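Below is one structure; the comments refer to it alone.
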């Protein structure tokens, strides 16, 4: 224990702890239970408080910041509604394993349980969506609790941790003790992989004729891209990635198969279907990846490396589980790989034949604007070097297909929870963390409206994000399912008559805005947006209404059920 | 199949809730759960009875281990262990059946803890199976009320 020797009040301890955790931004919103903290914050210069316009925005910003930088995002909100407004953002960070610490104000300890003004049992509410949470009951425990919260959020599988701080605790004083180390006896994640398992994996890899890497977000949070790249190239093994894994391996490398799963590439899914060895690293066999589990990678011996043992044998029974950190696993594999390997050229040729048979494509017959074109053009103009943030829906899947991700921490997207409204605040948060690369946001017209208030935050702080609004005046992904599986009953998905003029809306917020409705206009608008750095810029891309994302493996289906195009060409627009 | 799992947790606010919430969030079966302090006042022992195939039980154990306040998780099912449950039960008491009831209490090694004009309260301790049988047998005499503690279990000593 390191004692500062000084008597501080709870609010001062809170700020001092954040300082020691090297926090540079707090995304927050003040309120009654936090008045003391905000009184202290008023004079703090080394930690920047970003005022959001809705607490949900704060959580997504913190997560965007965390995913872009690898550092934990920090949220500060008041009790009751302030706290409950963070629930979606916390659940999102939990599903996508993003490190985040959420501090909530709480009514005074003596009033807890009395239905006090702005009281909510946020610890109870967030128990199933946090890695862990705390209610601080004594100011003397505050420093240790904050230390533990950051430790838990960033150690092992990352995740959100919530600390509930009653008003009286923030006002009370004590001598602050800062623990240099943290010891939590019930929390000992396995980071180092068991060497026997690694050696077995190496043998399997050396002898596989048709091996395939299946890479998830765990490789990115473990900063293991270099090891993956070295191993895949050394062994000549193709790599397919999940949505969160994109960028772990360069998308322009011949061994890159792009994304697998529901909207994955034809050749990646065929490769899964035909591989004799599947090496899953930092991925969790999500249902959007596997489809029907019985027919997933039916011929493959399955190796599964994950830092969280609960992910092993959860959805799919694997042959060789290896619990541990992805970087440790891949580095250990590189160490023990035998010098000889099978010839994988026939396997790669087979995959390339599938790639040629069914490449990703889109219609460019008329002069109408298509989302795929916009994304491909942004990919070209940014040379794959942007931090790409998406919202949820069709544009998100097209981003996975048509943006060529070259580096890790380049896609920030709501994968597990699928939270519409995530994109705009997440992009703002990412831009606070990353200043030397452009931050671009692809967002649908539906999701944009869900956290549009944060445009003010971006304008106020002159955050130069490029908001590429993919406006088809429809809830496009729901529309796609309605067309394919629900008798074309477009129930409440047509926003055409009710959407505002987004250019005017953006301008009213003080945000520069453009509109584009054909490919040439779009090219120019993208160029202009990428050159604009005096605050955010929005481009309203008026894309065709009825495009669908293909390929598509219907929910719960097998690879053999994959749809490659609209069944009925009549409905093509 | 039925499993009995012993879980050592931090003896603090919210630990029980954490475990119970995890069971409901993951859709695991929770037949009984009991909790009490151990020889170390900072640690509580939870005894959980659940059902599931090997794959589900393996998930249950891993999910329990993942909770931060969980210190140790032991599946006692296939290990030598002692398992006990306490039953408290109030029965209707009639002159005609009085004799039979007392006989049965002896058979089940129960104890009378309270007796009134028209009712009798007994306690029985035993394995959950024995408690089930006890309840079945006494049902015909008219059970007014009953309470079960849920199983508690411990590893047999060396």
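Here, each number is a calculation from the coordinates, and none is a lab measurement. Owing to the predicted nature of the structure, the values given are computational and were not obtained by experimental measurement. When we count neighbours, we look across all protein chains shown, and the Cβ atoms used for this are built from the backbone with ideal geometry, even at glycine.
Okay, here's what the table says:
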| read-out | value |
| --- | --- |
| Relative contact order of segment B:24-158, pairs being alpha-carbon contacts under 8 Å that are 6 or more residues apart, as % | 30 percent |
| For segment A:192-322, diffusion coefficient by Stokes-Einstein and Kirkwood Rh (Cα), 10 °C, 1.306 mPa s, µm²/s | 111 µm²/s |
| Kirkwood Rh in Å, taken over segment A:256-388 so that all alpha-carbon pairs contribute | 17.4 Å |
| FRET efficiency for residue A:365 and residue A:456, using Cβ-Cβ distance with R0 set to 41 Å, rounded to 0.05 | 0.50 |
| Value of Rg/Rh across segment A:420-493 [Cα atoms, Kirkwood radius] | 1.11 |
| Relative contact order %, segment A:198-267, counting alpha carbon pairs below 8 Å whose residues are six or more apart | 29 percent |
| Cα→Cβ-extended label distance, 7 Å offset, between residue A:35 and residue A:517, nm | 5.3 nm |
| Exposure proxy ranking, count of Cβ atoms within 10 Å, fewest first, for B:95, A:545 | B:95, A:545 |
| Cβ neighbours within 10 Å from other chains - mean over A:117-125 | 1 |
| CD proxy at 222 nm, helix term only [per DSSP H run n ≥ 4: -39500 (n - 2.57); per residue of the protein assembly as shown; nearest 500] | -10000 deg cm²/dmol |
| Long-range Cα-Cα pairs in segment B:81-155 (distance over 15 Å), rounded percent | 51 percent |
| Size of segment A:348-401 as Cα extents on the principal axes (Å, biggest first) | 34, 30, 23 |
| Inter-site label distance for residue A:209 and residue A:185 at 7 Å from Cα along Cβ, in nm | 5.5 nm |
| Whole-number D in µm² s⁻¹ for chain A, Kirkwood Cα-pair radius fed into Stokes-Einstein, 37 °C, 0.692 mPa s | 133 µm²/s |
| Ranking of A:354, A:398, A:347 by count of other Cβ atoms within 10 Å, fewest first | A:354, A:347, A:398 |
| Efficiency of FRET from Cβ geometry, residue A:563 and residue A:489, R₀ 25 Å, rounded to 0.05 | 0.85 |
| Between 0 and 90°, nearest 10: helix B:54-66 axis offset from chain B longest Cα axis | 70 degrees |
| For segment A:122-180, the fraction of alpha-carbon pairs in successive 5 Å shells from zero, as % | 4, 20, 25, 23, 17, 9, 2 |
| Within segment A:130-169: backbone nitrogen closer than 18 Å to the residue A:6 label point (7 Å, Cα to C-beta) | A:140, A:142-144 |
| Average Cα contact separation per residue, chain A, under 8 Å, 6 or more apart, as relative contact order % | 14 percent |
| Spin-label proximity, residue A:497 to segment A:418-460 - amide N less than 18 Å from point 7 Å beyond Cα toward beta carbon | none |
| Residue B:154/residue A:292 FRET efficiency (R0 45 Å; Cβ-Cβ; nearest 0.05) | 0.55 |
| Ascending count of other beta-carbon atoms within 10 Å, so fewest first, for B:19, A:101, A:281, B:107 | B:107, B:19, A:101, A:281 |
